[in-house]
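Here is the structure we will look at.
The values are calculated or read from the model by the stated rules, or taken from the named source; none is laboratory data. This structure is a prediction, so every number in the text was calculated from the model and none was measured. Because the Cβ atoms are built from the backbone with ideal geometry, glycine has one as well, and the counts that use them run over all protein chains shown.
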């Protein structure tokens, strides 16, 4: 049980860092330097950022369900990153978007796995 419990704060921190970096990439892509000669659009930024921001309080509390649902939501960002990566005008920002969504998915899934194991071990004691 000690091994699982020791990993949980690190995974929570990495998850929050991935969320912050993904939010920064989204802000750059929609507000600061949009691709394809698009105009900066704050409405698109809000629509893309809101799903991540909804989960921040639950992640900070260490909620298992928040992490589980965020792992599902991160797959939407993964799909968006893959789509952007296969366009002819791809940028290094798209690679960062894809990498961060993969890291977010992995961190949230490992958090759910280890938190559930720690919870089961604590209930047996």
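Scanning region 97-125 for residues that are under 15 Å from residue 17 (Cα atoms) and surrounded by fewer than 18 Cβ atoms within 10 Å (Cβ to Cβ) yields 99, 102, 103, 106. Exactly one residue out of 56, 95, 43 is closer than 30 Å to residue 120 by Cβ and without any contact (Cβ under 8 Å) to a residue 60 or more places away in the chain, and it is 56. Does region 80-96 contain any residue that is surrounded by 14 or more Cβ atoms within 10 Å (Cβ to Cβ), at pLDDT 95 or above and farther than 15 Å from residue 5 by Cα? The answer is no, given that none of the residues of region 80-96 is surrounded by 14 or more Cβ atoms within 10 Å (Cβ to Cβ), at pLDDT 95 or above and farther than 15 Å from residue 5 by Cα.
Residues in region 12-26 include none that are part of a helix (DSSP H, G or I), at pLDDT below 95 and surrounded by fewer than 13 Cβ atoms within 10 Å (Cβ to Cβ). Answer yes or no: is there a residue in region 57-64 that is at pLDDT below 95, outside any helix (DSSP H, G or I) and within 28 Å of residue 115 (Cβ to Cβ). Yes, the conditions are met somewhere in region 57-64. Evaluation of residue 65 against the conditions (1) loosely packed, with under 12 Cβ neighbours inside 10 Å; (2) within 30 Å of residue 5 (Cβ to Cβ); (3) touching a residue at least 40 places away in the same chain (Cβ under 8 Å) shows that the sole unmet condition is (3).
Take residue 83 and tell me if it is in a helix (DSSP H, G or I) and out of contact with any helix residue (DSSP H, G or I) (no Cβ under 7 Å at 6 or more places or on another chain). Quick ask: steps written out before the conclusion?
Working: in a helix (DSSP H, G or I): yes; out of contact with any helix residue (DSSP H, G or I) (no Cβ under 7 Å at 6 or more places or on another chain): yes.
It is true that residue 83 is in a helix (DSSP H, G or I) and out of contact with any helix residue (DSSP H, G or I) (no Cβ under 7 Å at 6 or more places or on another chain).
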